[in-house]
Amino acid sequence: MPTPEGQRLHYLYETSDESGKERFVYSCSECSCILNVCVALEPVGDTVESLENRCPGCGSALEARVTCRSAHIPEAWSEISRSAYAAERERAETKVSFQTAASLRGFSFNFAPLDALVAHYVDPNWSVAFAGRCANAVAEFLCFRAQLPKEAGGSDSSVVLIDGGNRSDLYLFSSYAKLYGVAPRKALRRVVTSRAFTMYQMANLVVKELTRVVDEYGAKVVVLSDVLGLLNDESGLREDEARRLAGAVRRGLDEVRKEKKVLTFMTLVTRTPYDRVMTDHADVLVGLEESGPSIEGTLLKHPFGKPSSRQFRLRDLLFHNSPGRRAAGD
């Protein structure tokens with residue numbers, strides 16, 4: 001569902017202005033998107049129904065996710081109303097369906113907890129890092145999401161995956177493909193995978209080979225999996241040499257990102273003493289750790305987003321928003 005013409009989406013965390021008029025503000029508890037602003041208190045069901053039970057910010061079902069509070073609103077919020085959303089939807093019914101802000105820029109996780117953590121905005125110029133024991137599942141997820149058409153929030157391109165910890169999970173990747181009705185073998189052909197077995201190989205792949213591979217396959221997304229994990233396997237490596245190799249990988253990835261305008265993601269699954277060589281220079285850093293039966297995602301760094309956390313199950317990541325179609329024969 002598109003937003004009203006001339007109106008961008010607004011979120012609760014964007015302001016702490018106490019000088020505006022006091023109004024009742026309805027928002028999505030999943031992403032904090034403002035849904036409705038009104039003078040008199042209205043039934044929550046009216047907002048849910050007018051938006052057809054879909055949040056215009058994250059696309060989540062609104063039932064049981066709408067919160068209401070009395071607040072002083074900034075002037076920019078004065079035109080927000082459920083009727084404005086509904087009117088725009090009627091005008092656009094024969095046009096494109098709603099896309100998140102991230103998808104309009106070419107890439108979307110299309111998974112509410114992750115999109116909420118990164119404020120629904122993945123700028124192509126940013127370096128994004130996922131750290132923690134559960135980050136590997138996101139690497140596989142990214143390799144598949146990037147292949148999807150742009151209108152579905154992907155990049156419609158091949159993906160270069162450099163696997164630094166021999167963690168590539170073909171079964172998990174195939175599961176994503178099948179749930180979207182894509183033959184796994186077809187999806188795998190669009191992932192250019194290179195495995196590094198030493199940190200020297202990792203540095204060589206990023207610094208000397210990555211630009212050529214991106215050009216050769218027309219890739220728009222690069223994923224480095226467990227990028228520094230190999231340092232723990234090289235016990236004889238001096239500290240200064242380990243830092244030099246980690247720095248070379250980071251600088252090489254930055255150069256490719258800026259020169260080729262590709263989205264770059266990295267995962268740091270294995271904790272090392274040199275992680276900050278990478279994370280200090282990342283624009284976005286999300287921690288992913290086990291919390292009982294769930295995964296707790298924590299936004300640790302973002303150009304403008306505030307620290308926040310979301311919990312989800314690995315099953316949620318796997319089965320979210322899947323079309324439920326059977327894959328073609330592979």
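Values in this text are rule-based calculations from the coordinates and carry no lab data. In this text the structure is predicted, and so the values were computed from the model without any measurement. Every residue, glycine as well, gets a Cβ built from its backbone with ideal geometry; the counts of neighbours run over all protein chains shown.
Maximal additional length on extending the SER309-ARG276 stretch stands at 9.8 nm, based on 0.36 nm per residue less the C-alpha distance. Normalising the Debye intensity of region 180-330 to I(0), with uniform scatterers on Cα atoms only, and taking log10 at q = 0.20, 0.21 Å⁻¹ returns -1.31, -1.33.
Past 22 Å, Cα to Cα, is the threshold; run LYS260/LYS306; LYS258/LYS301; LYS208/LYS258; LYS178/LYS261 against it and keep the listed order. LYS260/LYS306; LYS178/LYS261, as the Cα separations exceed 22 Å there.
Taking θ as phi - 60° and the Karplus parameters 6.51, -1.76 and 1.60, the scalar couplings of region 125-142 work out to 8, 8, 9, 10, 10, 10, 10, x, 5, 9, 5, 4, 4, 6, 4, 5, 4, 5 Hz in sequence order, x denoting glycine and proline.
Quote to one decimal, in nm, the extra length available between THR67 and ALA40 on full extension: 0.36 nm per residue of separation minus the C-alpha distance between them.
Taking THR67 through ALA40 to full extension adds about 8.2 nm, to one decimal.
Highest mean first, the peptides 55-63, 110-118 sorted by other C-beta atoms within 10 Å per residue fall in the order 110-118, 55-63. Each peptide in 38-51, 289-302 was scored by the mean count of other Cβ atoms within 10 Å over its residues; highest first, the order is 289-302, 38-51.
Ranked by the mean number of other Cβ atoms within 10 Å of their residues, highest first, the peptides 213-221, 242-250 come out as 242-250, 213-221. Backbone amide hydrogens, once placed in the peptide plane, bring ALA129 within less than 5 Å of MET266, VAL284, LEU285, VAL286, excluding anything fewer than 5 places away on its chain. Taking amide H as placed 1.01 Å from N in the peptide plane, ILE295 has its amide H under 5 Å from the amide H of PHE312, ARG313, LEU314, each at least 5 places away in sequence or on another chain.
In the calculated pair distance distribution of region 225-275, what percentage of Cα-Cα distances lie above 14 Å? Before the final figure, lay out the partial values.
On the way: 696 of 1275 pairs.
Here the tail beyond 14 Å accounts for 55 percent of pairs.
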